[in-house]
Ligand SMILES: Cc1cc2nc3c(=O)[nH]c(=O)nc-3n(C[C@H](O)[C@H](O)[C@H](O)COP(=O)(O)OP(=O)(O)OC[C@H]3O[C@@H](n4cnc5c(N)ncnc54)[C@H](O)[C@@H]3O)c2cc1C
């Protein structure tokens with residue numbers, strides 16, 4: 001590759017703090033708030049003009065159940081339920097209670113403002129919006145000394161004792177030289193759309209959009225939708241950009257434009273072929289296409305699908321979930337669900353769902369699974385953690401833990417872990433995880 005040499009430069013340090021969180025989805029915001037509530041001085045760096053990540057910028061407005069499969073054990077609380085309570089006060093969330101699929105559908109723009117409030121309430125968090133992390137400054141093996149950022153002001157540095165990578169794409173972990181990996185086939189990104197005038201069912205729209213006999217039909221992928229509280233709008237997730245790795249800038253550009261082309265195709269096909277959708281109109285497009293998967297950090301432990309489906313308990317567990325294994329075909333039609341109760345469903349757009357089992361009839365099912373802290377600790381890192389979807393998990397385990405009620409728990413845990421590491425002068429891989437778990441519990445998180 002042709003290269004140019006940039007002139008050497010001195011970069012001003014704009015902030016000195018205890019914990020620098022890179023990426024401001026709910027994962028990153030909860031990491032920042034959790035550390036700040038323990039007294040840490042925190043920097044929170046977000047590339048977009050608002051917080052929330054996929055929940056806001058990509059319009060993914062559903063969060064999954066709070067309970068285990070028995071419906072009796074609450075799996076999370078803390079900052080997640082605090083956020084949902086705030087949205088309830090604004091009449092901006094539908095709460096269906098324990099439900100096999102989503103529990104909460106919310107207005108993502110209300111979430112944007114609530115996350116601002118959550119951050120603003122902590123005077124020891126300095127937020128950086130419209131700010132991209134571009135490079136780490138390393139000082140000794142495994143030690144990140146500063147994050148170089150670029151924003152409207154120019155190129156600046158944030159010096160911190162601890163760093164949390166909540167970029168989803170593992171930008172910090174990767175650029176710091178810690179090992180990362182990408183699967184050969186990754187779950188595809190999707191551009192969501194918000195429409196009014198949608199009076200049909202998802203099933204009816206699917207038929208029109210993916211029927212190969214229809215001129216302009218999309219290649220079979222997957223389509224679902226969710227209500228938009230307090231309005232007649234509907235979020236529809238039906239596009240799929242196969243083969244796009246969104247941690248690669250050129251592929252991200254192509255995927256953004258291809259996703260929007262498919263949005264138009266869905267609207268046109270629905271208007272033409274679905275009774276009741278003749279007046280369907282585009283009400284909103286996301287600021288960012290929805291990224292399901294890209295890079296992962298190679299950590300002290302890789303969570304496996306077996307551990308998830310068996311409901312393996314971990315002494316260093318920092319998150320609990322019951323959302324099933326849900327793997328969107330990276331290169332084809334449909335998706336696979338593997339439920340904790342032993343059922344397996346292969347859902348297609350071009351053929352009926354195939355019902356089967358991954359476990360024999362009569363097996364005693366787990367009702368929830370856990371994520372151990374070690375899945376957030378990049379190998380070789382002394383003061384950096386990976387939270388959110390860049391954690392270490394195999395394909396099936398990732399299919400389950402990637403949903404936001406799970407990634408958000410890893411954020412809160414990373415914030416507390418960073419503080420524990422600082423407080424006890426330990427490397428992130430050497431902290432006392434009993435102390436981490438008890439601090440998390442004190443913050444209102446569910447620790448099982
Ligand atoms: C179409 C679609 C539907 C989905 N459906 C659901 C669902 O119904 N329910 C559910 O719970 N989950 C769902 N998911 C999964 C879920 O949205 C993601 O797994 C989750 O948002 C991941 O959270 P995260 O914090 O790791 O990353 P993200 O939400 O991707 O957030 C990363 C943040 O980091 C910022 N960032 C990235 N790089 C940089 C940088 N270099 N500098 C500064 N900031 C940076 C980004 O702007 C972003 O705000 C869906 C995903 C998609 C794409």
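The values are calculated or read from the model by the stated rules, or taken from the named source; none is laboratory data. Here the structure is a predicted model, which means the values were calculated and not measured. Cβ sites come from the backbone with ideal geometry, for glycine too, and all protein chains shown count toward neighbours.
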Closer than 17 Å to residue 378 by Cα and within 14 Å of the ligand (Cβ to nearest atom): does that describe residue 173? yes
Can you find a residue that is closer than 18 Å to residue 169 by Cβ and within 16 Å of the ligand (Cβ to nearest atom) anywhere in the range 58-78? yes
Quick check: is even one residue across the range 171-191 on the phi > 0 side of the Ramachandran plot and in contact (Cβ under 8 Å) with a residue 40 or more places away in the chain? no
Test of understanding: among 166, 105, which residue is in the same structural domain as residue 407 (by TED's automatic domain parsing), within 14 Å of the ligand (Cβ to nearest atom) and within 20 Å of residue 40 (Cβ to Cβ)? 166
Hits in the range 13-42 - residues which are outside any helix (DSSP H, G or I) and either modelled with pLDDT under 95 or surrounded by fewer than 24 Cβ atoms within 10 Å (Cβ to Cβ) (or both): 13, 14, 15, 16, 17, 18, 38, 39, 41
Please state which of the following conditions residue 358 fails to meet, knowing it meets all the rest: (1) more than 15 Å from the ligand (Cβ to nearest atom); (2) under 22 Å from the mean Cα position of the chain (by Cα). (2)
The one condition residue 38 fails out of (1) farther than 20 Å from residue 158 by Cα; (2) within 14 Å of the ligand (Cβ to nearest atom) is (2)
Count of the range 424-448 residues which are free of Cβ contacts under 8 Å to residues at least 40 places away in the same chain, more than 14 Å from residue 315 (Cβ to Cβ) and assigned to a helix (DSSP H, G or I): 3
Which residues, taken from the range 266-279, are surrounded by 16 or more Cβ atoms within 10 Å (Cβ to Cβ) and closer than 23 Å to residue 189 by Cβ? 266, 267, 269, 270
Can you say whether residue 337 is at pLDDT 95 or above, farther than 30 Å from residue 164 by Cβ, crowded, with 18+ Cβ neighbours inside 10 Å and within 23 Å of the chain's Cα centre (by Cα), as far as the supplied structure shows? yes
By my count, strands (runs of 3 or more DSSP E) wholly in the range 247-341 with at least 2 residues that are touching a helix residue (DSSP H, G or I) at 6+ places or on another chain (Cβ under 7 Å) are 317-321, 325-328
Among the residues in the range 399-416, are any modelled with pLDDT of 95 or more, in a loop (DSSP other than H, G, I, E, B) and surrounded by fewer than 17 Cβ atoms within 10 Å (Cβ to Cβ)? no
Looking at (1) within 22 Å of residue 420 (Cα to Cα); (2) in a helix (DSSP H, G or I); (3) away from the ligand (no atom under 12 Å from the Cβ); (4) out of contact with any helix residue (DSSP H, G or I) (no Cβ under 8 Å at 6 or more places or on another chain), can you tell me which one residue 119 breaks? (4)
For the range 208-219, what are the residues that are away from the ligand (no atom under 16 Å from the Cβ) and either assigned to a loop (DSSP other than H, G, I, E, B) or touching a helix residue (DSSP H, G or I) at 6+ places or on another chain (Cβ under 6 Å) (or both)? 208, 211, 212, 213, 214, 215, 216, 217, 219
Applying the selection to the range 405-435, what residues are away from the ligand (no atom under 16 Å from the Cβ) and over 20 Å from residue 142 (Cβ atoms)? 416, 434, 435
